[in-house]
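Trainee: Structure incoming, see below.
The values are calculated or read from the model by the stated rules, or taken from the named source; none is laboratory data. Just so it is clear, the structure is predicted and the values come from calculations on it, not from any experiment. Don't worry about glycine lacking a Cβ; one is built from the backbone with ideal geometry, like all the others, and counts go over all protein chains shown. Please note that ligands, DNA and RNA were not included when accessible areas were found on the heavy atoms of the full protein model with its side chains. Shrake-Rupley method; radii C 1.70, N 1.55, O 1.52, S 1.80 Å.
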Amino acid sequence: MLIDIIAGARPNFMKIAPIIRALQEREAAGGPLRYRLVHTGQHYDPKLSGAFFEQLGIPQPDVNLEVGSGTQAEQTAAIMTRYEALLLEARSSLCLVVGDVTSTMACAISAQKLCIPVAHVEGGIRSGDWSMPEEINRMVTDAISNWFFTTSEYANANLRKAGVEDARIHFVGNTMIDTLLANLDRLRPPAFWDDLSLKPGGYFVMTLHRPANVDHAPKLRALLAAIETGTRGLPVLFPVHPRTAKSLAELADLPTSLHLVEPQPYLEFNYLVRHAKAVITDSGGITEETTVLGVPCMTLRDSTERPETVSQGTNALIGTDPAKLAPALERLFAGDWQTGTVPERWDGHTGERIVTALESLLMS
């Protein structure tokens, strides 16, 4: 029984590693499932993909569709066409997609058009913001998935509202947290740690890549100025996303406390997050990791698809208005940030639960 596991972009790699590990362990114990790892090539920069495979112990892909860059429509079309060709040549029994990137949606469509069932890891999450490409990817993927592996009761409720019956919903936890917990002892400082004289709790980590924050240079300048003032001279480590780099190139006289660095591999990036005073981000996945690590997190968005990181965790939605950063940073420095708790089933065993469910679903 062959399962296709789809990976295409940086967030996917962290999510598939525990599933692959659990499948390998079950196969060694005589389990019936086998997998084919399909890398779409949506992210093709080694800093965004190759290093993750090496650090997280993910085997080299069985297939690389090598779609490369392009617009949303161009990437979607290329992934669908090339994955369809693969399935016509060597059919699988299930397409397992993770997260909400273009590869997730495109491969789910191609599989279903060939009557191959789809299982969606992280099904049911919603931000309500249709301006985000990821939200469209989530909605389309969930509309055509057979089974859902969910991270929270929020996601379960979203699926039920859409008419999905409970038998198709499997509340398993969060595979990103499986990966984090499995690698805590392996996290290591980046090469610039000593050069910048960084100390635990003595710096911030920032990531920005959403169009609302980075595509308009004056808006980005205002955000950086507010961050410089609010962080009180502490170093701000800023791994620069390729999209953000284009806007930064238009700006002169960047804050002196801002340190632009290359996108970091998994072990180095999460070392920085674990020891930061706080994280400032517009990413979704990072808010999950900061919640488990107990690190304060400020999200520069008006909505989140991971509300449990706000209601239970260490994350706060600040919005995209630079003026809203100052009160949040003042609260942080005053020691008035919420401590948070770890959501249910974010315990490092999600991959095992997924494989157990797959064996039941596919072999019954």
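Trainee: Please work out whether the stretch 275-333 counts as rounded, prolate or oblate from its C-alpha gyration tensor, where a ≥ b ≥ c are the square roots of the eigenvalues and a/c under 1.5 means rounded, while otherwise a/b larger than b/c means prolate and anything else oblate?
Mentor: Oblate, because a/c is 1.5 or more while a/b does not exceed b/c.
Trainee: Can you tell me the order of 324-334, 113-123, 234-244 when each peptide is scored by its average per-residue count of other Cβ atoms within 10 angstrom, highest first? Walk me through the intermediate numbers first.
Mentor: Values: 324-334: 15.5, 113-123: 20.6, 234-244: 19.0.
Put in order of decreasing packing, that is 113-123, 234-244, 324-334.
Trainee: Between S311 and E359, what length comes free when the chain is fully extended (0.36 nm per residue of separation minus the Cα-Cα distance, one decimal in nm)? If you can, show how the numbers build up before the last one.
Mentor: Numbers: separation 48, 0.36 × 48 = 17.28 nm, distance 3.36 nm.
13.9 nm is the gain from fully extending S311 to E359.
Trainee: Could you look at the chain and say what percent of its accessible area is carbon and sulfur, using a 1.4 Å probe and all protein chains?
Mentor: On the way: 7580 of 14590 Å².
About 52 percent, which is the carbon plus sulfur part of the accessible surface.
Trainee: Once R0 is set to 30 Å, what does the formula 1/(1 + (r/R0)^6) return for the Cβ-Cβ distance between E262 and Q60, expressed as a FRET efficiency to the nearest 0.05?
Mentor: Working: r = 23 Å, r/R0 = 0.77.
The computed FRET efficiency comes out at 0.85.
Trainee: Placing +1 at every Lys and Arg Cβ and -1 at every Asp and Glu Cβ, with all other atoms neutral, what dipole size does the chain have around its Cα centre, in debye to the nearest 20? Working shown, then result.
Mentor: Details: 32 positive and 42 negative charges, 19 e Å.
In total the dipole reaches around 100 debye.
Trainee: Take each uninterrupted DSSP H stretch in the chain, measure its Cα extent along the helix axis, and return the ones at 15 Å or beyond whose mean Kyte-Doolittle hydropathy is at least -1.0. All intermediate terms of the calculation are to be shown ahead of the outcome.
Mentor: Working: long enough: 10-28 (28 Å, -0.38); 72-89 (26 Å, 0.02); 102-113 (17 Å, 0.32); 133-143 (16 Å, -0.76); 217-230 (20 Å, 0.61); 350-363 (20 Å, 0.69).
Helix filter hits for the chain: 10-28, 72-89, 102-113, 133-143, 217-230, 350-363.
Trainee: Answer with a single label: of [x] 26; [y] 16; [z] 19, which was calculated as percent of Cα pairs over 36 Å apart from the structure in view?
Mentor: Checked against the structure: label [z].
Trainee: Can you tell me the accessible area per residue over the chain, all protein chains present, probe 1.4 angstrom, in square angstrom?
Mentor: Values: 14590 Å² over 364 residues.
The answer is 40 Å² per residue.
Trainee: Reachable aspartates and glutamates from K113, Cα under 17 Å, same-chain residues fewer than 8 places away excluded?
Mentor: The reachable aspartates and glutamates, counting only those whose Cα sits under 17 Å from K113, are D4, E84, E89, D142.
Trainee: With the cut-off at 1.5 for a/c, could you classify the stretch 66-166 from its C-alpha gyration tensor as rounded, prolate or oblate? Write down the numbers at each step before the final one.
Mentor: Values: a/c = 2.57, a/b = 1.36, b/c = 1.89.
Note, shape of the stretch 66-166 comes out oblate.
Trainee: Probe radius 1.4 Å, ligands and nucleic acids left out: which of S131, S257 has the largest accessible area, and how do the rest follow? Could you put the intermediate results ahead of the total?
Mentor: Details: S131 95, S257 15 Å².
So, going from the largest accessible area down, we get S131, S257.
Trainee: Continuing with this model, one more query. Can you list the lysines whose alpha carbon is less than 22 Å from that of K277, not counting same-chain residues fewer than 8 positions off?
Mentor: Filter leaves K199, K324.
Trainee: Where the only charges are on Cβ atoms (+1 Lys, Arg; -1 Asp, Glu), what is the dipole of the stretch 72-171 about its Cα centre, to the nearest 20 debye? List each step's numbers first, then the result.
Mentor: Working: 8 positive and 12 negative charges, 50 e Å.
It comes to approximately 240 debye.
Trainee: So, one more: Find the centroid of the Cα atoms in the stretch 291-364 and in the stretch 39-109, then give the distance between the two in whole Å.
Mentor: Taking the Cα centre of each part, the stretch 291-364 and the stretch 39-109 sit 27 Å apart.
Trainee: Quick check: residue separation of K113 and L251 times 0.36 nm, minus the Cα distance between them. What number comes out in nm? Intermediate values should be presented prior to the final figure.
Mentor: Details: separation 138, 0.36 × 138 = 49.68 nm, distance 4.65 nm.
Result for the pair: 45.0 nm of gain on full extension.
Trainee: Let me ask something else about it. Taking amide hydrogens as modeled 1.01 Å from N in the peptide plane, which residues meet the under 5 Å criterion relative to T207, leaving out close sequence neighbours?
Mentor: Here the answer is I280, T281, D282, since their amide H atoms fall under 5 Å of that of T207.
Trainee: Select from D253, D62, D282 the residue whose mean-square fluctuation is largest in a Gaussian network model of the chain (Cα-Cα springs shorter than 10 Å).
Mentor: In this elastic network of the chain, the residue with the biggest mean-square fluctuation among D253, D62, D282 is D253.
Trainee: So which aspartates and glutamates pass the test for K219, namely a Cα distance under 17 Å, with those fewer than 8 places away in the same chain ruled out?
Mentor: E228, E250, D253, D282, D302, D321
Trainee: What distance in nm separates the two pseudo spin-label positions at F333 and D129, each 7 Å out from Cα along the beta-carbon direction?
Mentor: 2.7
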